[in-house]
Amino acid sequence: MSLILQGLCKRFDNSEKDTLHEIDLEVKSGEFVCIVGASGCGKSTLLNLVAGLEQPTSGKVLLDDKEVKGPGSDRTVMFQEHGLFPWLSVAENVKFGMKLAGVSKEQQEQKAKYYLEMVNLWDYRDYPIHQVSGGMRQRTALARSLTMESKVLLMDEPFSALDKQTSNRLREELQRIWMETKQTILFITHSVEEAVYLADRVVVLSPNTGKVAEVVTVELKRPRHVYAPEFVELRHKILEEVRGEAV
């Protein structure tokens, strides 16, 4: 599997310059790539282009040499808002996407159990979604995304609306799950700490040029620890790059 962004540009109708300009990037199979940058640099726009929710002004997105023209089952998107149905239980929400995709009931049950256990929610499977915490809802949304077993999981700041303690716990769980599954992930975040914690590579976008300012390979061993000296040093380096681009 390969995801390739090739000369990708996006300019909105009310703008005089490109939000994204000549973006070239390749995400390899099983890789965890984080996109960071100051507000307005086009992080979410980039993810929407990969998801097929928006179309580029020029350039293209290729997934396994096939050009992305719209949404598809080969890409699953997890947004900041979990998008769960309050009248369904935790397990019913997890099975919803599979049901729409025509997965058999037996497979729905098997996959729901497998991924709910992975996110530590199996014991809460019958709870109405409105009765569980915000963190548990995001874990439900993550399990639902994982059940689709798509080629690429696209995550747009999925933990940013949560309190710091819950967000940190979910980062740890996502790191563990990625180490188990090697799911290809493109992850948008405003947090450099989060990016260094999770990513194989961190891509810094520039709000001034709309281009990729820098790509940093994260060679820290997993599981990672935010207070380790090498972690702090790398986080500071990337943070200075983001700040410099913002200025």
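The values are calculated or read from the model by the stated rules, or taken from the named source; none is laboratory data. These figures come from a predicted structure and were not determined experimentally. Cβ: placed from backbone, ideal geometry, glycine included. Neighbour counts: every protein chain shown.
Quick look at the values:
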read-out: Top-ranked residue of the stretch 206-245 - restricted to ones that are among the small types (Gly, Ala, Ser) and assigned to a loop (DSSP other than H, G, I, E, B), ranked as surrounded by the most Cβ atoms within 10 Å (Cβ to Cβ); value: Gly210
read-out: Where Lys95 falls short, out of the listed (1) touching a Leu at 6+ places or on another chain (Cβ under 6 Å); (2) of a type in the set (D, E, K, R); (3) closer than 30 Å to Tyr115 by Cα; value: (1)
read-out: Restricting the stretch 146-169 to residues that are charged (D, E, K, R) and under 15 Å from the mean Cα position of the chain (by Cα), the residue that is nearest to Thr189 (Cα to Cα); value: Glu157
read-out: Residues within the stretch 72-86 that are loosely packed, with under 15 Cβ neighbours inside 10 Å and either modelled with pLDDT of 95 or more or closer than 19 Å to Leu116 by Cβ (or both), tallied; value: 3
read-out: Test: residue in the stretch 187-199 that is modelled with pLDDT under 95 and of a type in the set (D, E, K, R); value: no
read-out: Residue match in the stretch 136-145 (condition: under 25 Å from Ser44 (Cα atoms), under 16 Å from the mean Cα position of the chain (by Cα) and surrounded by fewer than 14 Cβ atoms within 10 Å (Cβ to Cβ)); value: no
read-out: Residue under evaluation Ser39, criteria (1) farther than 23 Å from Glu81 by Cβ; (2) surrounded by fewer than 13 Cβ atoms within 10 Å (Cβ to Cβ); (3) not β-branched (Val, Ile, Thr), criterion not met; value: (1)
read-out: Enumeration of residues in the stretch 181-226 that are among the basic types (Lys, Arg) and on the phi > 0 side of the Ramachandran plot; value: Lys182
read-out: Strands (runs of 3 or more DSSP E) contained entirely in the stretch 124-205, each with at least 3 residues that are under 21 Å from Glu233 (Cα atoms); value: 201-205
read-out: Condition met for Gln175 (surrounded by fewer than 19 Cβ atoms within 10 Å (Cβ to Cβ), out of contact with any strand residue (DSSP E or B) (no Cβ under 8 Å at 6 or more places or on another chain) and within 27 Å of Leu46 (Cα to Cα)); value: yes
